[in-house]
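As structure tokens, the structure follows; a few thoughts come after it.
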Amino acid sequence: MSDFLLELRCEEIPARMQKGARADLEKLFRAQMDSAGVPLGEVSVWSTPRRLALIARGLPDSTQAVSEETKGPRTSAPDQALDGFLRKTGLSKDQLTERDGVWYAVVEKPGRAVRAVLAEAIPAIVRAFPWPKSMRWGAASLSTESPRWVRPLSGIVAILGENLVECQVGEIASGFMTLGHRFHHSGPITIGGADDYQEKLRACHVIVDHAEREGIVREMARAASLAEGLTLIEDEGLVVENAGLTEWPVPLLGRFEEAYLDVPPEVIQLTARVNQKYFVCEDAAGKLANAFVCTANIEAADGGAAIVDGNRKVLAARLSDARFFWEQDRKTPLAEQAKKLERITFHVKLGTVADKVERVAKLARWLVEEGIVKHNSAQPELVEGHAPFGALSEGASTGSARAELADLAEQAARLAKADLVTEMVGEFPELQGLMGGYYARAERLPDSVADAIRDHYKPVGHGDEAPTAPVTVAVSLADKLDTICAFFGIDQKPTGSKDPFALRRAAIGALDLISRNGLRLPLTQAVRGALANRARQDSDTAATHRLDKSAIEVIDFFADRLKVQQREAGVRHDLIDAVFALGGEDDLVRLLARVKALQAFMASEDGANLLAGYKRAANILKKEDWRGHEGEIARTGEEDPLALVDDPDLAPVIAAKMAERHEKALSYIAEPDEKALIEALDAAEPTASQAVEAEDFGAAMAALATLRAPIDRFFDSVTVNDPDAGKRAARLDLLARFRDAVHRVADFSRIEG
């Protein structure tokens, strides 16, 4: 058994590519060894900016001899089939083995030296390596057969035990020699094998283990900040990137001019992070400090003073640009900036960004005027120049508060996209929305408007907190509804895994807003309004004609996203389906309340037993194809009350008619347990219906729970398929009544179990 070392050395590998390169190297190596029959144990893969290294422990000296068997034609097959098989295998007929009337080609392959296997595998790995971007180099690059690598390949170390694995990739031959740190060590290093590889490189100022370098960056950056009484703003992505840029990381703290702190802190942090790969710090008060931490790649004789000074000058130039953008942008009010949106196309079929802003403003105002988004008086929001909505002056009407809130929502919506044309967002697109909020405050616009501009993109992803401020909610929800409806209106729906306009994310964001804020949104009405807005704005008659179809598609889309969202939240998919199957429900708050109540009920013993009774009743009715007492309908001339419109307001009427029918239908004395079920239904049906109407779904489930014992006793003691046709029809009708009473709360046929 021997350990194998492979090092592929080159010019600087981009930090962002190193993680993927490590995974690809191990994957390709394992594939090569597996195909050659070489068993593998522990495999370690490391990276630095100048090398990829792999160590495989405990490789055998040779592979096992194997016998390969290939099945051929039957012995009775035509000669042509046998000839083809012989050509394929390169054998003669007398070398074949016959077994059970079938020819087999059995080839004994002797074991091979693992060094020979590795010598073939290394060039194959290099040629197959899937770099996101790669290049050819030197004179050989004129040929498409020349090797490709992320940067020019300059050396290969390949050692099995203490022996060189001889191989060549292009003009690069394997050897024992590698290089240390570019500045701290000149000249080649001789590697003896896998055991001394790490320590020899460490002695030459190269820490080959990327995880170790990450730990050094993380801990030394913290220590440098604490030494100055500051707290490092943690950034794990920056830790990994700095470790990927250095072979001997040395974090150093520097200072920049305090005057730059007038620029919004997010701008400073983004400038330092994106442009320079620096960490930033906070002071004891939790505010951004005029300090940065850069990561040097050397141990400087002066302790890093010159390095820090050079980095300070570069950062100062970047911050100077940022301050210039900040000052220039504030010279133009957001309302003036917003006019420039007329020059930016949102989508070729949907007009400009200004057109979208107009639609969003109308929709945001409608959400407030309809009372869907309203002020929460329990948490009054201070608006500059106004009293809190929850503390209006005496005599002020709810209508005036709503009108004030609607004005603020419309104002925020009209300014929400204005920062897209500012210099700062042009330089840092990640700051859209955030900078708009800063500019709004600089203009002394109401805080609620500034907050809405800042946060109207939220929530932007899984785990992002949904806004709760009413103006922000109105603008954010309007923006997402408009985006979804606009693209559905031009038939640009997500398909399969493709969602180029992020409509799924917009829908999840809208659902988070609705559920987090308990918005009683009539989704169908809102969707139709948004679709009509867009069609009218563009005089799109085709979109107007498609409005009904598009509205149905959008509602179905929201339903699918809601199912996904609730499944991720731990709600059983079958319970979601059981409530969705009722149909006609577009109030998502009410729908989710029903789902949660159903989940709690089904977790109880009463729920599980009632489900069993329901399924038994439903199976009997299905087997008998029973939908009602046809004889009774014919005799009375009444339609089946269950055929009435599916309207919650009619539920008590339906229950009363069903109870009346049972009283008339019984031409015999009901058995005690049969009568008990009738009485239980007489009590439970109106109670459950009233509870559903009052949106007290817990009470509705409790009403259903009272049916559990009566239905169990009914099945234990009552014969449904009685020889007497009248009894049989009445009892089937009773089961139908039980089934439909349950269906007023949820479609139990969709529930598993």
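The values are calculated or read from the model by the stated rules, or taken from the named source; none is laboratory data. Everything quoted here is computed from the prediction, not taken from an experiment. We place every Cβ from the backbone using ideal geometry, glycine too, and count neighbours over all the protein chains shown.
Here are some notes:
- Candidate set: region 685-743, residues that are in contact (Cβ under 8 Å) with a residue 12 or more places away in the chain and of a type in the set (K, R); chosen: the one surrounded by the fewest Cβ atoms within 10 Å (Cβ to Cβ): R713
Each row is one residue, and each column tells you yes or no for (1) closer than 23 Å to G461 by Cα; (2) among the β-branched types (V, I, T); (3) out of contact with any Gly (no Cβ under 8 Å at 6 or more places or on another chain).
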| residue | (1), (2), (3) |
| --- | --- |
| L513 | yes, no, yes |
| N517 | yes, no, yes |
| A535 | no, no, no |
| V564 | yes, yes, yes |
| V571 | yes, yes, yes |
| D577 | no, no, yes |
| A600 | no, no, no |
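- Residue among V38, V45 that is buried (at least 19 other Cβ atoms within 10 Å of the Cβ) and without any contact (Cβ under 8 Å) to a residue 24 or more places away in the chain: V45
- Residue check: Q198 meets all listed conditions (1) in contact with a strand residue (DSSP E or B) (Cβ under 6 Å, 6 or more places away or on another chain); (2) surrounded by 18 or more Cβ atoms within 10 Å (Cβ to Cβ) but one, namely (1).
- Flag if L319 is farther than 20 Å from A440 by Cβ, touching a residue at least 40 places away in the same chain (Cβ under 8 Å) and crowded, with 19+ Cβ neighbours inside 10 Å: yes
- Unique residue being of a type in the set (D, E, K, R), under 21 Å from A694 (Cβ atoms) and at pLDDT below 90 when the list is R536, R546, R590: R590
- Any helices (runs of 4 or more DSSP H) falling wholly within region 279-385 and containing at least 3 residues that are under 27 Å from Q269 (Cβ atoms) and of a type in the set (S, T, N, Q): 305-330
- The lone criterion from (1) closer than 21 Å to E427 by Cα; (2) assigned to a strand (DSSP E or B); (3) of a type outside the set (S, T, Y) left unmet by G254 is number (1).
- The residues listed here are E465, E430; of these, the one that is in a helix (DSSP H, G or I), under 24 Å from the mean Cα position of the chain (by Cα) and modelled with pLDDT under 95 is E430.
- Selection of region 700-753 for residues being touching a helix residue (DSSP H, G or I) at 6+ places or on another chain (Cβ under 8 Å), in a helix (DSSP H, G or I) and charged (D, E, K, R) yields R708, D712, R713, D716, R731, D733, R737, R739, D740, R750.
- All of (1) within 30 Å of T483 (Cβ to Cβ); (2) over 34 Å from the mean Cα position of the chain (by Cα) hold for L334 with one exception: (2).
- Residues satisfying the stated conditions in region 21-70, i.e. part of a strand (DSSP E or B) and either among the β-branched types (V, I, T) or in contact with a Pro (Cβ under 6 Å, 6 or more places away or on another chain) (or both): V43, V45, T48, I55, V66, T70
- Evaluation of E258 against (1) in contact with a helix residue (DSSP H, G or I) (Cβ under 9 Å, 6 or more places away or on another chain); (2) under 30 Å from L445 (Cα atoms) (one fails), failing number: (1)
- Just one of the listed residues (S689, S667) is at pLDDT below 90, in a helix (DSSP H, G or I) and among the polar types (S, T, N, Q), namely S689.
- Beta carbons closer than 6 Å, at least 6 apart along the sequence or on distinct chains, pair a first residue in region 549-573 that is among the acidic types (D, E) with a second that is crowded, with 18+ Cβ neighbours inside 10 Å for E553/F488.
- Test set (1) among the polar types (S, T, N, Q); (2) surrounded by fewer than 16 Cβ atoms within 10 Å (Cβ to Cβ); (3) closer than 25 Å to E585 by Cα - S497 fails condition number: (3)
- For first residues located in region 71-87 and on the phi < 0 side of the Ramachandran plot, partners that are outside any strand (DSSP E or B) and surrounded by 15 or more Cβ atoms within 10 Å (Cβ to Cβ) and lie 6+ apart or on another chain with Cβ distances below 7 Å form the pairs G72/F85; G72/L96; P73/L82; P73/F85.
- Residue list for region 284-312, filter: of a type in the set (D, E, K, R), touching a residue at least 24 places away in the same chain (Cβ under 8 Å) and closer than 23 Å to H185 by Cβ: E299
- Answer residue from region 56-100, given it is touching a helix residue (DSSP H, G or I) at 6+ places or on another chain (Cβ under 8 Å) and small (G, A, S) and is nearest to L25 (Cα to Cα) among those: A56
- Condition check for D647: at pLDDT below 90 and under 18 Å from F738 (Cβ atoms): no
- V250 buried (at least 17 other Cβ atoms within 10 Å of the Cβ), more than 35 Å from the chain's Cα centre (by Cα) and farther than 27 Å from G433 by Cβ: yes
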